[in-house]
Amino acid sequence: MSEPHFIDTHAHVQMAEFDADRAEVLERSRSAGIDWIVCPGVDLATSALAEQLAQDQHDVVAAIGVHPEDCDKAPADYLERLRSLFAANRHRTAAIGEIGLDFKEGTPDRTLQERVFNEQLQLASDLGLPVIVHSRFAVAECLAAISHFPGLAGVMHCFGGTPDQVERAVQLGLDVSFTGNVTYPSAHATRDALKACPIDRLLLETDAPYMPPVPMRGKRNEPSFVTYVYQATATLLERDALDLACRVHENADVLFSLTERGNHAGEENLQDHA
Ligand SMILES: [Zn+2]
């Protein structure tokens, strides 16, 4: 690779925020050198939309799951419905996510969050898929839950923990992903955690439409802005930008089996029309 190729390992491009100009957003992403977008759902509806987008777009793969902030609205049969979504789109479903725990004030009851998280960790384990984990104010609790599933692969997304917790995540076999928040002037703790992450465990993402990096703060975030996250990370780690992009590419390919999934682009669509 002589031109840098990027992956946005977490962007909710299926969400309504992109309904007016999704085609242009995806076009800008391609022009910026982004080879893949991993598109996680936060509930059943956005998981189904992520699957649809992953079928329609060669460079989008889906993750399906129920987010901790949405777990109180999930229907009783949500696990079965996630299984059905996977069964219909197995080649383009890269992960179970985003799932996790969120102990910010006002989020659903902790016991319920923990039950739904554990059920989806088990689902990922059953299906042989990695997990994409949201862990706001709950990094230690998420890591403790995951430790009961030895061998489960996954990523701690939008990481907000300490360097010690990066080490713990890596011990458990997880990757750690950082967003535009590494560019925020006050985010010293996040940058310390990023520096503690081994290069073969590092992923980068936008979390679009949220968390726009400097210099796009205040705007809607989109996958093409992930280049700012790569630049900031290369500067912080004093690494060559091209080398960093290659390493992250490799890590994401391994975790989400992207090369393999690329070979199946459009396949389920073809079967539909056969
Ligand atoms: Zn997200």
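The values are calculated or read from the model by the stated rules, or taken from the named source; none is laboratory data. Treat the numbers as computed from the prediction; the structure is a model and nothing was measured. Positions of Cβ are generated from backbone atoms using ideal geometry, with glycine treated the same way; all protein chains shown enter the neighbour counts. For the accessible areas, the whole protein counts, side chains as well, though only heavy atoms, and no ligand, DNA or RNA atoms are used. Shrake-Rupley method; radii C 1.70, N 1.55, O 1.52, S 1.80 Å.
In table form, for the structure just shown:
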item	result
In segment 107-125, the residues that are open to solvent by 30 Å² or more (accessible area, probe 1.4 Å), under 18 Å from ALA74 (Cβ atoms) and either in contact with a Gly (Cβ under 6 Å, 6 or more places away or on another chain) or not β-branched (Val, Ile, Thr) (or both)	ASP109, ARG110, LEU112, GLU114, ARG115, ASN118, GLU119, GLN122
Residue check for SER29: small (Gly, Ala, Ser), within 16 Å of the ligand (Cβ to nearest atom) and open to solvent by less than 10 Å² (accessible area, probe 1.4 Å)	no
Given (1) within 16 Å of the ligand (Cβ to nearest atom); (2) more than 15 Å from the chain's Cα centre (by Cα); (3) surrounded by 17 or more Cβ atoms within 10 Å (Cβ to Cβ); (4) of a type in the set (A, V, I, L, M, F, W, C), number of the condition ALA95 does not satisfy	(2)
Number of the exception - HIS148 against (1) surrounded by 19 or more Cβ atoms within 10 Å (Cβ to Cβ); (2) out of contact with any Gly (no Cβ under 9 Å at 6 or more places or on another chain)	(1)
GLY180 closer than 22 Å to VAL61 by Cα, within 16 Å of the ligand (Cβ to nearest atom) and either touching a residue at least 24 places away in the same chain (Cβ under 8 Å) or charged (D, E, K, R) (or both)	yes
Residues that are touching a residue at least 40 places away in the same chain (Cβ under 8 Å), away from the ligand (no atom under 14 Å from the Cβ) and open to solvent by less than 50 Å² (accessible area, probe 1.4 Å), drawn from segment 5-25	PHE6, ILE7, VAL25
Complete set of residues in segment 53-66 that are surrounded by fewer than 23 Cβ atoms within 10 Å (Cβ to Cβ) and closer than 16 Å to GLY97 by Cα	LEU53
Among residues of segment 216-236, those that are in contact with a helix residue (DSSP H, G or I) (Cβ under 7 Å, 6 or more places away or on another chain), over 13 Å from ASN181 (Cβ atoms) and surrounded by fewer than 19 Cβ atoms within 10 Å (Cβ to Cβ), counted	3
Scope segment 136-145; condition within 15 Å of the ligand (Cβ to nearest atom) and open to solvent by 10 Å² or more (accessible area, probe 1.4 Å); matching residues	ARG136
Failed item in (1) farther than 22 Å from GLU167 by Cα; (2) part of a helix (DSSP H, G or I); (3) modelled with pLDDT of 95 or more, with ALA234 passing the rest	(1)
